[in-house]
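Nothing in this text is a laboratory measurement; each read-out follows from the coordinates by a stated rule. Model, not experiment: these values are computed from the prediction. Here the Cβ positions follow ideal geometry from the backbone for every residue, glycine too, while neighbour counts run over all protein chains shown.
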Amino acid sequence: MSSNTNSSGEKDKLSIAILGGGISGLSCASELLSQHKSTYNDSSSSKSYELEVTMFDTGRLRPGGRCSSRLPNDRPAVIQNRSSGTYDELQIPVNIQNAIYNYGDDIAKFGPVDHAAQILSSNNIPNFELQLEKWLEEGVVESFPEGSVCELLSNENEEKQSVELQPLNGEKMYYGKGGMGNIPITMRDYCLSFNGYGDEYTGQSFRLNQDVWVSPSNGVKYIGKEKETNGGYLWELRAGKKSLGKYHRLVISHNGKCADRIMSRTPAKAFHSLLRTKFAPYVPQNGGNQMTLNSIYSLVFAVKSEKTEGGNGGLSSPIAKALSNLSSSSEGSSEGGVYTVNIKNEPSLRLLSSNTLKHHHTRAQNSESDTEVYTLLSSPTFGKKFKGPQENLPIDLQQKVTIKLLESLEKSLNLKEGSVINSVIDIKVQLWGAAVPMNTWTSHSISKDEVDGFVYDGRGGVGACGDWILDPSVAGAWESGRRLANHLLTAQELDSKLSVGLPDKVPKEDSGKFIPSRSALGSGIGTIPTSPNSAEFVFPKSNDQQQSNRSRGGRGRGGRGNGRGRGRGRESNNDRGDKGQDKKDSKSNRTVYSVTL
Ligand SMILES: Cc1cc2nc3c(=O)[nH]c(=O)nc-3n(C[C@H](O)[C@H](O)[C@H](O)COP(=O)(O)OP(=O)(O)OC[C@H]3O[C@@H](n4cnc5c(N)ncnc54)[C@H](O)[C@@H]3O)c2cc1C
């Protein structure tokens with residue numbers, strides 16, 4: 001074994017700081033640790049060094065980011081109650097007022113609640129497919145029962161408008177057993193398992209610093225210019241006034257305003273230019289020139305239910321009864337109930353999921369009534385229209401959003417007005433302000449045939465991974481982190497400073513670009529399986545034009561009576577570098593993109 005030692009006889013060390021404990025950061029850490037372990041004592045390895053991976057995550061209780069859950073006994077965050085006074089007085093039913101003033105602290109009383117990512121699929125990423133199979137074997141994920149994931153559609157073929165539930169069978173779909181948040185917890189524990197010391201020491205270590213916000217203003221400082229006197233360290237981190245240490249390499253595994261600001265004062269200008277973010281529910285047809293994230297409301301609510309053996313999987317709230325009736329008339333539905341519904345007949349909504357069915361919530365004992373807990377996700381246009389300060393949403397905004405979303409749900413399920421609203425007993429409203437990328441940065445620095453899937457500035461020793469570089473999904477985030485880890489280790493081994501995916505290449509056509517993520521534009525919540533039913537999505541000339549069309553009452557996408565037939569064309573779910581199927585609309589001479597809505 002060739003061993004590299006410093007003047008004090010100690011082995012060389014590579015320390016890597018990872019900013020963000022979501023799926024991409026955890027996947028990057030897992031791959032760094034496991035790959036390093038497999039070559040640490042390998043005699044054919046040209047270099048031997050010790051690896052220290054340190055992760056910082058803002059999550060108050062645990063890592064996971066946008067793939068996390070609320071768990072029973074979670075202690076609530078301290079939030080100040082305030083009202084913006086901006087919104088019109090609405091007639092808010094007392095049960096909704098009380099539920100919102102209660103801050104949904106008890107919402108996870110009966111079991112885990114998924115408040116962001118809901119469905120896992122491989123999205124044609126072979127490594128993630130293998131990982132899903134492994135997690136299934138280990139009991140980390142469960143398969144959705146056949147027919148339990150459905151689409152809710154308007155049935156426009158009949159005179160009287162009705163709704164139809166169509167099961168999504170075919171593609172394998174999973175969810176985190178005991179909550180989506182158990183996936184990052186499993187990944188964290190895997191990373192921690194490398195911390196064997198003494199005789200057990202295998203050359204790697206992992207530290208996770210939870211509830212730490214690396215400051216956007218002064219949290220990241222490049223110290224590479226003085227690296228000779230700094231032990232080779234390139235980066236120094238801070239949280240407020242507290243130093244978080246010096247590191248040889250830096251990984252940015254989060255996105256949004258924070259990542260943009262964190263890198264803005266460093267010399268890694270080209271790298272930083274990719275982190276500049278804007279917020280919109282759409283991107284122009286050419287993908288735009290900036291990372292664009294949408295905003296999504298997540299409404300977790302508990303409703304009263306009667307104890308029964310019938311209904312949807314034994315549940316009997318108005319929602320469960322409606323789903324049970326709809327599924328009994330559709331072929332291929334699950335007898336165990338409808339777990340998750342992609343909503344395509346209401347423009348404000350995107351998805352409804354039953355936490356009670358997925359996570360086998362305990363039922364209240366000695367009580368006539370029972371409780372069902374659902375997660376309802378809004379459309380990105382709704383998220384933009386009612387955007388507020390996500391850390392502290394004013395009470396009146398929460399009330400307004402809640403009523404509007406629940407009214408839309410009643411309409412989408414053809415339920416009597418007030419039937420859901422009146423049975424609500426608890427609510428937790430949350431805005432994911434930087435929710436899902438609408439475009440992905442796509443470069444081919446390593447191979448012409450495959451997209452890189454991560455970004456790396458070789459001179460600065462800083463890389464980025466996440467769903468905005470490969471595919472807007474858990475699968476995309478996971479694979480992006482894995483690819484960056486492998487590049488970091490290869491570069492270290494070969495003493496290479498190869499940059500990947502930076503936009504400063506000459507000639508320009510070799511540089512990467514942002515391409516529209518058709519799956520995310522279609523579903524609103526990332527790449528999730530959809531049926532082949534598609535409608536034509538017309539790219540606006542500019543975002544502004546699209547928005548002003550909508551505010552003038554322009555047509556809603558997938559809304560009731562939008563006049564489009566179903567089953568018009570098929571579209572792949574895969575956004576990783578494949579070209580869109582544009583065609584010319586002969587009447588307007590506009591280019592239309594066919595996407596699954
Ligand atoms: C409402 C919603 C529904 C979705 N549904 C699905 C779905 O059904 N299926 C699917 O595949 N995908 C879904 N997605 C997308 C999926 O959740 C994401 O693509 C994926 O989880 C992104 O992982 P990530 O690691 O790239 O980023 P993140 O999960 O955002 O992780 C970044 C982490 O960095 C932390 N952080 C941020 N700033 C700092 C800082 N300064 N210092 C330290 N830490 C910091 C954050 O707290 C976070 O924990 C959904 C997303 C949303 C919002």
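Net charge near W235: determine it from the other residues with C-beta under 9 Å of the C-beta of W235, scoring Lys and Arg +1 and Asp and Glu -1.
Taking every Cβ under 9 Å from that of W235, the sum is +2.
Report, in listed order, any pair from K241/K505; K241/K385; K221/K278; K172/K411; K227/K278; K344/K404 with a Cα-Cα distance greater than 26 Å.
K241/K505; K241/K385; K172/K411; K227/K278
Rounded, prolate or oblate: pick one for segment 164-293, where a ≥ b ≥ c are the square roots of the eigenvalues of its C-alpha gyration tensor, a/c under 1.5 means rounded, and failing that, prolate if a/b is larger than b/c, else oblate.
Verdict is oblate for segment 164-293.
Order of L415, L498 from fewest to most other C-beta atoms within 10 Å?
In increasing order of surrounding Cβ atoms, one gets L498, L415.
Applying 1/(1 + (r/R0)^6) with R0 = 51 Å to the Cβ-Cβ distance of S330 and D510, what FRET efficiency is obtained, to the nearest 0.05?
FRET efficiency, S330 to D510: 0.55.
With charges set only on the Cβ (+1 for Lys and Arg, -1 for Asp and Glu), what does the dipole of segment 444-483 come to about its Cα centre, in debye to the nearest 20?
Computed charge dipole of segment 444-483: roughly 160 debye.
Can you put R60, R188 in order, fewest other beta carbons within 10 Å first?
Result, fewest neighbours first: R60, R188.
What is segment 405-481 by shape, rounded, prolate or oblate, if you read a ≥ b ≥ c off the alpha carbon gyration tensor as root eigenvalues and call it rounded for a/c under 1.5, prolate for a/b larger than b/c, and oblate otherwise?
Prolate, because a/c is 1.5 or more and a/b exceeds b/c.
Around N195, with a cut-off of 15 angstrom between Cβ atoms, what is the net charge of the other residues, counting Lys and Arg +1 and Asp and Glu -1?
Surrounding charge for N195 is -2.
Determine, for W213, W235, the number of other Cβ atoms within 10 Å of each Cβ, and report the residues in order from fewest to most.
Listed from fewest to most nearby Cβ atoms, that is W213, W235.
By the scheme Lys and Arg +1, Asp and Glu -1, what is the net charge of all other residues having a beta-carbon under 12 Å from that of L168?
The answer is -1.
Counting other Cβ atoms within 10 Å, which trypsin sites (Lys or Arg not before Pro) in segment 480-523 have at most 12 and lie in a DSSP loop?
Qualifying residues, ordered by number: K497.
Give the residue from V214, S264, G170 lying farthest towards the positive end of the charge dipole for segment 162-268; charges sit on Cβ (+1 for Lys and Arg, -1 for Asp and Glu) and the dipole is referred to the Cα centre.
Sorting the options by dipole projection puts first S264.
Please work out whether segment 322-413 counts as rounded, prolate or oblate from its C-alpha gyration tensor, where a ≥ b ≥ c are the square roots of the eigenvalues and a/c under 1.5 means rounded, while otherwise a/b larger than b/c means prolate and anything else oblate?
Oblate is the answer for segment 322-413, as a/c is 1.5 or above yet b/c matches or exceeds a/b.
Using mean Cβ contacts within 10 Å as the protection proxy, how do 139-152, 428-441, 237-250, 375-388 order, highest first?
My ranking of the peptides, most packed first, is 428-441, 375-388, 139-152, 237-250.
Name the residues of segment 394-416 whose amide N is less than 17 Å from a point 7 angstrom out from the Cα of Q97 along the C-beta direction?
395-404
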